[in-house]
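Notes for the one structure printed next.
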Amino acid sequence: MGKIPSIDETPKLSEFVPSSSDVKSDVVTRGDVLPDVTDDGFSITKAISDFIDGFKEGFMEVFDNIAKFFGFGDDTPDTPTVQDTREYGLQECSDAAKEIFTPEVLSRWGLMDLQERQDKLTEYAERVADVLGVNINVVFQQGLLDQGAWGYNDGQGNVVLDASFVYDPAQVLEAISTIAHETRHQFQHDVCEHPENYDIDPYTVAEWQAGYKNYTQQMQTAEDPWGYFFNPLEIDARYFGESVVRELTRSFINE
């Protein structure tokens, strides 16, 4: 059986994802009396209003700096668009997935030994990283799924994946999506740190930088729309990872 490597110095998921005890979940079933939410409603409304006001001010300040840095304006028609950024590297990463995870490979995925599966997943991660122009270190770690995540990226180049991607052959498509998703996060991090090194539109650079300032899972979505799920960094990474799988599976139908 293949050995699943781990690195002790890799930040633990708990540093990025709150424990279940930090998450409030109130369930109202049929027949229950709905609680009086007037006060809570006002507080959420105010929180949203504060978020919008603060975001506008912060975003425009960041964008102004980025725009000046790039010399962005009406006289630069060749500046990449938001659409260009969303699709950046997607076709090449989808092609890599098709080359590595062919129908023949997937048909015998459950028969491969653990090392062979791990090697294929690592090969794909390295191909995605190469396309996006980032450096990563792939780590398979036990127990991430028990904490509510398939994987995470620590921003320092470590793409940490749940070891079930190797052990459980049924998770191969989820593995492909997660690898692309977490490697995209490294790309976002590097773009925000050194936008001059990437052909990314300044609107998205500013949006991602503002998104990093607001990245958290500690607040309700209504109070902090950009906290996590609807954060532009997560929206972009989900689109990227899920689109790779869409292109891969669509190729099975069309070929």
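The values are calculated or read from the model by the stated rules, or taken from the named source; none is laboratory data. Being a predicted model, the structure only gives us computed values, none of them experimental. Cβ sites come from the backbone with ideal geometry, for glycine too, and all protein chains shown count toward neighbours. Note: accessible area is taken over every heavy atom of the protein model, side chains too, but ligands, DNA and RNA are not part of it. Shrake-Rupley method; radii C 1.70, N 1.55, O 1.52, S 1.80 Å.
Within the stretch 79-91, residues that are basic (Lys, Arg) reach no partner that is open to solvent by 80 Å² or more (accessible area, probe 1.4 Å) with beta carbons closer than 9 Å at six or more positions or on different chains. Within the stretch 188-215, the set of residues being among the charged types (D, E, K, R), buried (at least 18 other Cβ atoms within 10 Å of the Cβ) and assigned to a helix (DSSP H, G or I) comprises Asp190, Glu207.
Applying the criterion of being open to solvent by less than 10 Å² (accessible area, probe 1.4 Å) and in contact (Cβ under 8 Å) with a residue 60 or more places away in the chain to the residues of the stretch 153-165, the residue that is nearest to Val191 (Cα to Cα) is Val160.
A quick yes/no check of all residues on (1) at pLDDT below 95; (2) surrounded by 15 or more Cβ atoms within 10 Å (Cβ to Cβ); (3) over 19 Å from Val244 (Cβ atoms); (4) over 16 Å from the mean Cα position of the chain (by Cα):
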| position | (1), (2), (3), (4) |
| --- | --- |
| Glu92 | no, no, no, yes |
| Lys98 | no, yes, no, yes |
| Asp146 | yes, no, yes, yes |
| Gly151 | yes, yes, no, no |
| Tyr167 | yes, yes, yes, yes |
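Of the residues examined, Val128 is one that is assigned to a helix (DSSP H, G or I), open to solvent by less than 20 Å² (accessible area, probe 1.4 Å), of a type outside the set (S, T, N, Q) and within 16 Å of His181 (Cβ to Cβ).
Selection over the stretch 169-179 of residues that are out of contact with any strand residue (DSSP E or B) (no Cβ under 9 Å at 6 or more places or on another chain) and open to solvent by 10 Å² or more (accessible area, probe 1.4 Å) gives a count of 6. Name every residue in the stretch 218-242 that is open to solvent by 40 Å² or more (accessible area, probe 1.4 Å) and either modelled with pLDDT of 80 or more or closer than 20 Å to Gln83 by Cα (or both), in order of residue number. The answer is Phe230, Ile235, Arg238, Tyr239, Glu242. Exactly one residue out of Arg127, Arg117, Arg108 is over 21 Å from the mean Cα position of the chain (by Cα) and in contact (Cβ under 8 Å) with a residue 24 or more places away in the chain: that is Arg117.
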